[in-house]
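Data first, discussion second: the structure below is written as structure tokens.
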Amino acid sequence: MKLKKGDKVVIISGADKGKQGTIIKVLTKTNRVVLEGEGLAKVKKHLKPSQTNPDGGIVEIEKPMHASNVMILDPKEKKPTKIGYKTVTETVKKKEVNKKVRYAKKSGKVLD
């Protein structure tokens, strides 16, 4: 999966289309992400009374969303973009090291 925790994304489909948020959790096995933001992918869950929650009630929780429904925001243009990979050479302790980094395809800016 090309998305990581802390990435700023925009929702491209569904009821919250066009809203922006930050990834707080990535679920790689199910290919889903959990977003943090004002009113993003929230679901009301009804809880029965229990020892830990004696009153029960209705709680709002963040619902995981499929990764194909979000696109990362380009840090330069602030628009949705695809993610690509490229290798960058860095000098560490007088040695050249090749490093694989993510970059925004729209502007070419490195994301990592």
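The values are calculated or read from the model by the stated rules, or taken from the named source; none is laboratory data. None of these values were measured; they are calculated from a predicted model. Counting neighbours? That spans all protein chains shown, and the Cβs are built from the backbone with ideal geometry, glycine included.
Remarks
- In region 27-49, the residues that are without any contact (Cβ under 8 Å) to a residue 12 or more places away in the chain reach residues that are among the acidic types (Asp, Glu) and in a loop (DSSP other than H, G, I, E, B) with C-beta atoms within less than 7 angstrom, at least six apart or across chains, in these pairs: 49/55.
- Members of region 14-43 that are in a loop (DSSP other than H, G, I, E, B) and in contact with a strand residue (DSSP E or B) (Cβ under 9 Å, 6 or more places away or on another chain): 14, 16, 17, 18, 19, 30, 31, 37, 38, 40, 41
- Count of region 70-97 residues, restricted to those that are at pLDDT below 90 and part of a strand (DSSP E or B), is 8.
Each row is one residue, and each column tells you yes or no for (1) surrounded by 13 or more Cβ atoms within 10 Å (Cβ to Cβ); (2) basic (Lys, Arg); (3) not assigned by TED's automatic domain parsing to the domain that holds residue 30.
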site: 53; (1), (2), (3): no, no, no
site: 56; (1), (2), (3): no, no, no
site: 94; (1), (2), (3): no, yes, yes
site: 100; (1), (2), (3): no, yes, yes
site: 103; (1), (2), (3): yes, no, yes
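- Conditions (1) touching an Asp or Glu at 6+ places or on another chain (Cβ under 6 Å); (2) surrounded by 12 or more Cβ atoms within 10 Å (Cβ to Cβ): number failed by residue 77: (1)
- Total residues in region 1-35, condition at pLDDT 90 or above and among the acidic types (Asp, Glu): 1
- Lone unmet requirement of (1) exposed (fewer than 12 other Cβ atoms within 10 Å of the Cβ); (2) within 11 Å of the chain's Cα centre (by Cα) for residue 89: (2)
- Output for region 65-74, where each listed residue is over 27 Å from residue 108 (Cβ atoms) and surrounded by fewer than 17 Cβ atoms within 10 Å (Cβ to Cβ): 66
- Residue among 39, 21 that alone is of a type in the set (Gly, Ala, Ser) and either surrounded by 12 or more Cβ atoms within 10 Å (Cβ to Cβ) or assigned by TED's automatic domain parsing to the domain that holds residue 105 (or both): 21
- Selected residue [among the aliphatic types (A, V, I, L, M) and out of contact with any Lys or Arg (no Cβ under 9 Å at 6 or more places or on another chain)] from 67, 15: 15
Yes/no per residue for (1) more than 20 Å from residue 36 (Cβ to Cβ); (2) among the polar types (S, T, N, Q):
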site: 67; (1), (2): no, no
site: 80; (1), (2): no, no
site: 87; (1), (2): yes, yes
site: 91; (1), (2): yes, yes
site: 95; (1), (2): yes, no
site: 112; (1), (2): yes, no
